[in-house]
Amino acid sequence: MSRNADFTPPPDARTYRLRTARGEFAVVDSPVAGGVEARGTVLMLPGFTGSKEDFTLLHEPLGARGYRTVAVDGRGQYESDGPAHDEAAYAQSELARDVLAQAAALGTSVHLLGHSLGGQIARAAVLLDHAPFVSLTLMSSGPARISVSQQQRVKLLRDALDTMTMAEVWAVIQAMGPPEEIGAPAPAHGPEDPERLRDRWLGTKPAQLLATGRQLCTEPDRVAELAAAPLPCHVLSGAYDDTWPVPLLDEMAVRLGARRTVIDGAEHSPNTDRPLPTARALADFWDGLPRRS
């Protein structure tokens, strides 16, 4: 069984609650490998229904390239607390301010990486204040709302959450099979322990899912705003993606003047589908940027 199968972080990583001006957030903080020159710090934001464990297989290869990696559960996600029923607490602007607080608490400029929903939250944080960040990587995260097919799946989830408990909804998700955005990463590629997956689901607050699910279905196109920010960008995805079709991600990268990477053999979660080439592409991008203290 792989280390990712039971959510176990690398041996030298620390799991703790990062204290910030906006509360505490559960993180996995993995250092630079011994004997390797430190090249920077990375703050990693998971996607819808995800958690910090989605980045487990990236920590060691990025540490070997000189990058400290800090993966975080956002407000109301898995092991980070948040209100169960107050959707206003999960407005995108609130989540973006949480990211700025997390970066400040780390005490250094960071490379910001967001997967899927996390990418749109990362974008919102950069648009509020780009100063804390050295770069922005949007991993499988598109320019605006998700595809029609995924909107339909998210609407089904939101309807279910209105009338069912989290445990009852989990049973339905397992019966119907998780789409790319609901329950990602799929057990075949990510954490495989069913009980840990269930624990993660039950630990996530219903209001967080309702609010962020609505955001995914209504997000406006803010690419022009992001392109105006003085920050290097990287658009990375798998070779297939139904949440935001790959040609749409190609076009977004052109509009941003961003570096573009497609990971062969990966789908919506290249971080779990093909972690080693994903880590290599990330580190190659960061290595080419001027360093900031």
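Details
- Summing charges over all other residues whose Cβ lies under 12 Å from the Cβ of E94, with Lys and Arg as +1 and Asp and Glu as -1, gives 0.
- Amide H contacts under 5 Å for G76: D81, G82, restricted to partners 5 or more places along the chain or on a different chain, H placed in the peptide plane at 1.01 Å from N.
- Unit charges at the beta carbon, dipole of the chain: most positive-side option, Q150, V28, G40: G40
- Among L62, Y90, Q102 the positive-end extreme of the charge dipole of the range 51-104 (Cβ point charges): L62
- Residues considered: T20, T243, T212. Largest GNM mean-square fluctuation over the chain, using C-alpha springs under 10 Å, is found at T20.
- Dipole in debye (nearest 20) - the range 1-84, about Cα centre, beta carbon charges: Lys, Arg +1; Asp, Glu -1: 260
- Pairwise label distance in nanometres, S149 with A88, each label 7 Å out on the Cα-Cβ vector: 3.9
- Nearest-0.05 FRET efficiency for Q174 and D250, computed from C-beta distance (R0 45 Å): 0.85
- Rg to Rh quotient for the range 229-293, alpha carbon positions, Kirkwood Rh: 0.99
- Length gained on full extension, L127 to R214: 29.3 nm, using 0.36 nm per residue less the C-alpha separation.
- Rounded to the nearest 20 debye, dipole of the chain from Cβ charges on Lys, Arg, Asp, Glu: 760
- Ranked by the mean number of other Cβ atoms within 10 Å of their residues, highest first, the peptides 214-223, 39-48, 276-285 fall in the order 39-48, 276-285, 214-223.
- Considering only beta bridges that DSSP places wholly inside the chain, some 30 percent are antiparallel.
- Whether the chain is rounded, prolate or oblate, judged on the alpha carbon gyration tensor where a/c under 1.5 counts as rounded: rounded
All of the numbers you see were taken from the coordinates with simple rules; none came from a lab. What you are looking at is a predicted structure, and each value in this text was computed from that prediction instead of being measured. Positions of Cβ are generated from backbone atoms using ideal geometry, with glycine treated the same way; all protein chains shown enter the neighbour counts.
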